[in-house]
1. Apply the Debye scattering formula to region 360-414, with a single equal point scatterer on each alpha-carbon and no solvent, then give log10 I(q)/I(0) at q = 0.27, 0.31 Å⁻¹.
2. Quick check of the Kirkwood formula: for region 294-422, what is the inverse mean of 1/r over all pairs of different Cα atoms, in Å?
3. What does the net charge come to around ASP188 if you take all other residues with beta carbon closer than 13 Å to its beta carbon, with K and R at +1 and D and E at -1?
4. Taking θ = phi - 60°, what integer Hz values does the Karplus form 6.51 cos²θ - 1.76 cosθ + 1.60 yield along region 365-375, in sequence order, with x for Gly and Pro?
5. Over region 106-198, with every protein chain in place, what whole percent of the accessible area is carbon and sulfur at 1.4 Å, could you tell me?
6. Have a look at region 113-219 and give its Rg and Dmax from the Cα atoms, expressed in angstrom.
7. What dipole magnitude, in Debye to the nearest 20, does region 160-217 give about its Cα centre under +1 on Lys/Arg Cβ and -1 on Asp/Glu Cβ?
8. Explain nothing, just compute: Karplus ³J(HN,Hα) = 6.51 cos²θ - 1.76 cosθ + 1.60, θ = phi - 60°, for every residue of region 110-120 in order, whole Hz, x for Gly and Pro.
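The values are calculated or read from the model by the stated rules, or taken from the named source; none is laboratory data. As the structure is a prediction and not an experimental result, all values here were calculated from the model. Heads up, the Cβs are rebuilt from the backbone with ideal geometry, glycines too, and the neighbour counts pull from every protein chain shown. Side chains included, ligands, DNA and RNA excluded: accessible areas come from the protein's heavy atoms. Shrake-Rupley method; radii C 1.70, N 1.55, O 1.52, S 1.80 Å.
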Amino acid sequence: MSSMPVSSYTFVTSGGQRRFVHRWQYDNNEVIECNKCGSSCKETDAYGKHWSQPKTLDDNNIGRDGIIDISRTAKTPIALSTPTSSSSLTSLEQSFGRITTLMDSKEIIVSKNVESFMLCASKAVRDTQQFLLDAGIKVVPELLSSIYAMYGGGQSHHLLVVVRFYVTVKGETFMLQTTELTIKHHYDIRESVDMLFAMLLEKLRNFMACRSESNSLGTQEPYSIKRIHIKVRKQHNPQQSQILPLHYARKQTNMEIANLQNGLTTSRDDLALLRAWFRQHLLTSESLESLRSPFPCNLYCFQECPNSLELYVVPYHLCSQSADIYNCRSYIILTDIHGRFMELQEITNIRRFLHHTSEDRVLSCTRCQACFLEPSKLVLHKMLKCGRDFEILKMDSDFIEIYENCLLLEQSDNWSLFGIIE
């Protein structure tokens, strides 16, 4: 069995140009280069040139609470940018799929506090697996991303999500439901949905196996899933503390606590000066080198591969005064789901933060021995308590669900998504 391909993120300099390359290497030494992540600029340009374009001062980019919107200036729709103008609609759809359709219903969803959504397969769809793929990879992540964006797109709100499958087996209907999962960062949405679906399907497989055994059947009975219910609650985060995506939060926490205890992290005053320096760069398009930073530092930013949806960290600004980048203070640029700058957060161990090896992926749950390729999936698995509190309920044959107020949010040839106004 072949292992997962190993990603690499490198800068290649040649002929006065610097090119960023994202590659995957397989066990047979085959190398595939990503056709979406690549970018190039002059060798002398700042690294931030790879991720954003120059911009002019625009007071309209300053939103409430002084948040600077840099969405209209970037080359890519992820991390530091998400186009919001009508002329950038194509890029927006590539980033969030049909988020614009859902956002058209924002006023009703927010004013009516719509928290329940029903995804229904069309009559033409007979393949349950295809319906689940559409739901798990596309529809549900985009729904949660839209709701996250509707409430500011930052970290003042968390999403509490419950997913329910309606499973039909030989005329009988069962309701299979997860426990509530808290999603604190927009970069965790897709991975969280993937884990919710994976654990639901594992629970369903076990249920079907037990059912076949109790009925003395040689093979498992076929089942179908035509409806998926998604319950989404918003939870206010009063502290409004800056949160890292799960994969990177685990690399930061222990070291951050140790350094806080030793008084080695940046003071509030120094961080405020650094933030003002970076905001001036965003507003004026002046290079960070020419603006003179309060103290030597390196800045990094998140990027997400449009092909594989891998999240990675790349340099935005490297201090020319330091010969060793690992001995210079390092900060990650945090943005909201719209790509607007929010905050700078210090990285206490940049070597660990940037570390990418296959060794990071060999993990198992100590409670149930389930194995995972990604550490963040193990975190989500534990947050869901190994699925032991998931519910499977048999519905009465004469039970009928009636929703008097339903809002059709989206529709395709294979499915329809409704918002339930309660």
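1. -1.06, -1.23
2. Numbers: mean 1/r = 0.0501 Å⁻¹.
Result for region 294-422 stands at 20.0 Å.
3. On the way: positive: LYS184, ARG190, ARG250, LYS377; negative: GLU191, ASP194, GLU304, GLU374.
Here the charged neighbours net out to 0.
4. 6, 6, 8, 10, 6, 5, 10, 9, 7, 10, x
5. Numbers: 1700 of 3350 Å².
Its accessible area is 51 percent carbon and sulfur atoms.
6. Values for region 113-219 (Cα only, Rg and Dmax): 16.0, 54 Å.
7. Details: 7 positive and 7 negative charges, 28 e Å.
The calculation lands at about 140 debye.
8. Once θ is set to phi - 60°, the couplings for region 110-120 become 6, 5, 8, 6, 6, 10, 10, 9, 10, 9, 10 Hz.
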